[in-house]
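The values are calculated or read from the model by the stated rules, or taken from the named source; none is laboratory data. What you see is a predicted model; the values in this text were computed from it and never measured. Backbone-built Cβ (ideal geometry, glycine too); neighbour counts: all protein chains shown. We work out accessible area using only protein heavy atoms, side chains counted, and drop any ligands, DNA or RNA first. Shrake-Rupley method; radii C 1.70, N 1.55, O 1.52, S 1.80 Å.
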Amino acid sequence: MHLAVSLNIASRQALTFSDLAGFAKQAEAAGLDMIILDDSPPNSAGSSSFEATTLLAALATVTSRIGLVAAASTVAHQPYNLARRFASLDIISHGRAGWHATMAQAPRDAANFSRPDGFSDADFRRRTEEYIGIVQGLWQGWDADALLFDKEGGRFHDPEKMHLLDHKGEFFSVRGPLNVARSPQDTPVLVLSGLSQADLDIAARTADVILLDKVQDAKARHDDLKRRIAACGRDPGAVKLLLNVGADVAANALEASFRSESCDGFNIAMPTAALDGFIGRVLPDLQRRALVRPDYSGTTLRSHLGLARGDQ
């Protein structure tokens, strides 16, 4: 099973960078697949936190193996800037970066970016789908061997291996390409959450990882999503479905959900203080049952998750 830990850096708990770096190092030493840095705009009571993508860059300098995924709003950022930021983060982290996007609208987020009334559900869905398509298209704008750095011949790149996006859509117009090279893992990992029934086909076409809340019919939902993924012409194993669970969760419950083929793993909402208990009690139990790998099998987040390159 794949294991991620989700950390809400916008909580009221005062966390220093030293706290967060220690958490990341501890999670990496335990061999967890990735840390998901959740983020949100301040609430009315006020909160203090790091911006998630900035924190990802800093954590990349104190870790070397664990995947680092940051939330970034499709309302707060233009798609070109977001694509460039995550492409840069993927290079900085040597192929360990991921973008967590949500299909759920955050009204306070929109209110901070000249949309006090937000979007209708239908507009937000279409806009988010277009946005994701732009970002993924920009990530694939350079072939892996496009940059030549040929000083003698005066060629920086092979023009035939650079692809303009030239997108003109309902909500965005983006020419491309990025001025960032292809990443070590080909493209950053796309993590999607907040899915309604109407969002499932979008996720099946675009996501690498889908975060799902626990429901009574989790097995039926798992099978439905895998069918949708296959119907898009993708390998069902190309998308990992992780169930969101709390930090008091027991190994027996994780094993039961996993063996019933209700998921490919779990995303554990983990306060920093709870990591010791999970690593000390639950994780060794999962290892004894041969439910998790003993160590990292590669160096990139895609390799941890058993995902193909982003263009496959």
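Summary of computed values
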quantity	calculated
Residue 278 assigned to a helix (DSSP H, G or I) and farther than 17 Å from residue 36 by Cα	no
Selection count where residues are at pLDDT below 80, over 18 Å from the mean Cα position of the chain (by Cα) and open to solvent by less than 40 Å² (accessible area, probe 1.4 Å), scope segment 1-46	3
Meets criteria (farther than 17 Å from residue 194 by Cβ, without any contact (Cβ under 8 Å) to a residue 60 or more places away in the chain, out of contact with any Asp or Glu (no Cβ under 8 Å at 6 or more places or on another chain) and open to solvent by 60 Å² or more (accessible area, probe 1.4 Å)) for residue 112	no
Test for residue 225: is it touching a residue at least 12 places away in the same chain (Cβ under 8 Å), open to solvent by less than 30 Å² (accessible area, probe 1.4 Å), among the hydrophobic types (A, V, I, L, M, F, W, C) and touching a Leu at 6+ places or on another chain (Cβ under 9 Å)	yes
Residues of segment 154-197 satisfying the condition of being of a type in the set (Gly, Ala, Ser), modelled with pLDDT of 75 or more, in a loop (DSSP other than H, G, I, E, B) and open to solvent by 30 Å² or more (accessible area, probe 1.4 Å)	169, 181, 194, 196
Answer residue from segment 83-122, given it is β-branched (Val, Ile, Thr) and either in contact with a strand residue (DSSP E or B) (Cβ under 8 Å, 6 or more places away or on another chain) or assigned to a loop (DSSP other than H, G, I, E, B) (or both) and is nearest to residue 67 (Cα to Cα) among those	91
Among (1) open to solvent by 20 Å² or more (accessible area, probe 1.4 Å); (2) of a type in the set (Gly, Ala, Ser); (3) more than 20 Å from the chain's Cα centre (by Cα), the one test that residue 118 misses	(1)
Filtered residues of segment 56-82 (kept if part of a loop (DSSP other than H, G, I, E, B) and under 28 Å from residue 112 (Cβ atoms))	72, 73, 74, 75, 76, 77, 78
All positions within segment 203-214 that are over 14 Å from the mean Cα position of the chain (by Cα) and open to solvent by 10 Å² or more (accessible area, probe 1.4 Å)	205, 213, 214
Test result for residue 243, assigned to a strand (DSSP E or B) and closer than 19 Å to residue 201 by Cβ	no
